[in-house]
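Everything below concerns the one structure shown next.
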Amino acid sequence: MSVVRQRSVLPGFGLSLGFTVTYLSLIVLIPLAAAFIRTAEMSWGDFVQAVASPRVLASYRLSFGVSLLAALVNAFFGFIVAWVLVRYSFPGRKIVDALVDLPFALPTAVAGIALTAIYAKNGWVGQWAEPMWSGFLAWLTGVMPSVDWKKLLGAQIAFDRPGVFIALTFIGLPFVVRTLQPVLEELEPELEEAAASLGANRWQTMTRVIFPELLPPLITGFALAFARAVGEYGSVVFIAGNRPMHSEITPLLIITKLEQYDVRGATAIAVVMLVTSFILLFLINLLQKWSRRHHRI
Amino acid sequence: MAGIASSLTEKQGSARGGTPRVIRNPLWVRVLFMTIAFVFVAFFLVLPLSAVFGEALRKGLRVYLASFNDPDALSAIKLTLLTALCAVPANLVFGIAASWCIAKFDFRGKALLTTLIDLPFAVSPVISGLIYVLVFGLQGWLGPYLGAGDHPWFGEWFNQQDIKIIFAVPGIVLATMFVTFPFVARELIPLMQAQGSDEEYAALTLGASGWQMFWRVTLPNIKWGLFYGVILCNARAMGEFGAVSVVSGHIRGETNTMPLHIEILYNEYNFVAAFAVSSLLALLALVTLVLKSLIEWQHARTRKDAASA
């Protein structure tokens, strides 16, 4: 019985597969399994208490809510950036194109302190954005006094919830642009010409011909940005203010529990996050398969 | 991350010059799109990058340079280089092995293996550190056996050793290996799949041994993809914060990498020094982006040459 489906004359299959599986198991699979096994040793009551206490639930709401918002904003602006990069030629296009990957290349801690410096009250942007934010909150309170907007959206930009949003938007930025770009480049102009010659105006062509083509990669990019944002730590902790029950993200809560020597509590929360991101990964894979099949036809 | 992977294999430079008028958007739409894109890029990419250098040089060049005249900063730089020097070659060898068996052979479980290789990208950095604490920490699986003591089953020599992995350099290297695990493999797999095996068959037919074929045919063919994966892997290895933060223990001058040292300086309100160390990592990021773009353009050009030939 052989694992190989076809005999190949190429050498090195046993060596390379053996090394790959061994290294994968030692570095990735066994340590990851440790998290699940250690959690399985907990009683159900302890587990629920660890993953569903009010402080942990508040951190899920913040992490998932703000990540969703940041991914949506990235889907909108990422679409426009990808469109401009593929369709328009302008001086410095290649520089902007290269710069899009900055959030991948810049260490998260550096991004975190840089964003904090910019959006703090005396920072380059913060000094004029902070009064605008206060004005915006006052206006919202005037329109809908029943909601405590300061508590919901954060009373200031840096060291509060808007800071979390800014950091998560930054680190999710490349995903939508980079998943849309290759699809946009392969979109044939003939398709649009056909639509135009059949009497569609530009708006109809955009919404009925181009947009449906771009929807699968757009959703994929959105999901990738969301998945990355949920687990992000480095860029957020500097700018978030990290107030328990208010601006504390779930990854930070894991670190806090570890520092209090509550390894089990930290592991239980980690397992909840792992399961969530594996489900997301699975959905993203399905999406990419669907989008590939969609394109072959 | 999928974007980085696909850009090498799929990207083609296509600034469309002569777009027919019927499929062009009206002028006001073009101006609006360009403006939105530029403002967004300026706020989220250009500003943070400039802020790093601006804040680092706020009190002048002399104060900036003096920040590096600190033994803790130097030891952080050394540890970061050491970590990358261990993690990147390990993942490089793994990447070649994984792409060789996945791209050149057909076997059961191949799709599963490919998915598992990508797994570390889906894991939060904090959790990447935590899982090593679970294995090697004091309350972990192997932790109790690592310290000096009288452990049954192990030899005299082993029992005398006081092996430290968590809150020490090996833990930092392991966590870094985990977070940078897929980088090289996922660049090489699509590249080697696209290249096929014909040249390898030819080499073998002409009497090359397995290793001769690898060094003279396979490696030259994948060198650019390999380099691409390595620079991305290296950038992440040197800049990793969350995972390393969990396993390091933050011992100044001993287990602090550059990102951890930045955090300490920043929390001590030593902003100029924090941004000075950050500026080195920002430079590394810029060099990475420039090299990456150069490889992509080179790749696009060879593709165009191949198409026109």
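The values are calculated or read from the model by the stated rules, or taken from the named source; none is laboratory data. Quick caveat, the model's predicted, so the values are computed rather than measured. Note that each Cβ is placed from the backbone with ideal geometry, even for glycine, and that neighbours are counted across all protein chains shown. Surface areas here come from the heavy atoms of the whole protein model, side chains and all, with no ligands, DNA or RNA. Shrake-Rupley method; radii C 1.70, N 1.55, O 1.52, S 1.80 Å.
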Hull volume in cubic angstrom per residue (convex hull over the Cα atoms of chain B): 219
Under 30 Å Cα to Cα from residue A:121, which lysines show up? Leave out anything in the same chain fewer than 8 places away. A:150, A:151, B:59
With θ set to phi - 60° and the Karplus curve 6.51 cos²θ - 1.76 cosθ + 1.60, what are the ³J(HN,Hα) couplings of segment A:53-60 in order, to the nearest whole Hz, using x for Gly and Pro? 6, x, 5, 5, 4, 4, 5, 4
Using amide H atoms built 1.01 Å from N in the peptide plane, name the residues 5+ places from residue B:107, or on other chains, whose amide H lies under 5 Å from its own. A:5
Any lysines whose Cα falls less than 30 Å from that of residue B:110, other than same-chain ones fewer than 8 residues away, would be A:289, B:11, B:223, B:292
Which helices, taking whole DSSP H runs in chain B, have alpha carbons extending 15 angstrom or more along the helix axis plus mean Kyte-Doolittle at least 0.0? B:27-41, B:71-104, B:125-136, B:169-179, B:183-195, B:219-239, B:271-308
What is the pair-distance distribution P(r) of segment B:164-309, computed from all Cα-Cα distances in 10 Å bins starting at 0, with each bin given as a whole percent? 10, 27, 27, 19, 12, 5, 0
Computed on Cα atoms only, the convex hull of the protein assembly as shown has an orientation-averaged projected area in nm² of 33.6
Can you tell me which of B:33, B:178, B:241 moves the most in a GNM of chain B? Springs connect C-alpha atoms under 10 Å apart. B:33
By accessible area (1.4 Å), largest first, B:299, B:250, A:246 order as B:250, B:299, A:246
With θ set to phi - 60°, apply the Karplus curve 6.51 cos²θ - 1.76 cosθ + 1.60 along segment A:62-76 and write out the HN-Hα couplings as whole Hz, x wherever there is a Gly or Pro. 5, 4, 6, x, 5, 4, 4, 4, 5, 5, 5, 4, 5, 4, 5
What are the residues whose amide H is under 5 Å from the amide H of residue B:25, where those residues sit 5 or more places off or on another chain and H is modelled from the backbone? none
What ³J(HN,Hα) values, in whole Hz, does the Karplus curve 6.51 cos²θ - 1.76 cosθ + 1.60 give for segment A:251-264 when θ = phi - 60°, with x put for Gly and Pro? x, 5, 4, 4, 5, 4, 4, 4, 5, 8, 6, 9, 5, 5
Report, ordered by chain and residue number, the aspartates and glutamates lying within cross-link reach of residue B:78, taken as a straight Cα distance under 12 Å and ignoring same-chain residues fewer than 8 apart. B:254
Dividing the mean separation of Cα pairs under 8 Å (6+ apart) by the residue count of chain B yields a relative contact order in percent of 30
How big a patch of accessible area, both sides summed and in Å² to the nearest 100, lies buried between A and B at a 1.4 Å probe? 9500
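Taking the Cα centre of the protein assembly as shown as the origin, how large is its charge dipole in debye, to the nearest 20, when only Lys and Arg (+1) and Asp and Glu (-1) carry charge on their Cβ atoms?
Numbers: 45 positive and 37 negative charges, 273 e Å.
Dipole of the protein assembly as shown, to the nearest 20 debye: 1320 debye.
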Between B:56, B:122, B:185, find the one with the highest GNM mean-square fluctuation for chain B; connect C-alpha pairs within less than 10 Å. B:122
Nonlocal amide H pairs with residue B:256, under 5 Å, H built at 1.01 Å: B:251
Relative contact order of chain A, pairs being alpha-carbon contacts under 8 Å that are 6 or more residues apart, as %: 29
Other residues with Cβ under 14 Å from the Cβ of residue A:119 give, with Lys and Arg +1 and Asp and Glu -1, a net charge of -1
Separation in nanometres of the label points that stand 7 Å from Cα toward Cβ, at residue B:69 and residue B:219: 4.5
Do you know the relative contact order of segment B:236-284, to the nearest whole percent, from alpha carbon pairs under 8 angstrom that are 6+ apart? 31
Based on the inverse mean of 1/r over its pairs of different Cα atoms, what is the Kirkwood hydrodynamic radius of segment B:49-105, in Å? 14.7
Listed residues A:137, A:253, A:224, most fluctuating in chain A (Gaussian network, C-alpha, under 10 Å): A:137
Per the helix-only calculation at 222 nm, which mean residue ellipticity applies to chain B, given -39500 (n - 2.57) for every DSSP H run of n ≥ 4 and division by its residues, nearest 500 deg cm²/dmol? -22000 deg cm²/dmol
Per the Kirkwood treatment, what hydrodynamic radius in Å, one decimal, follows for chain A from the mean inverse distance over all distinct Cα pairs? 22.4
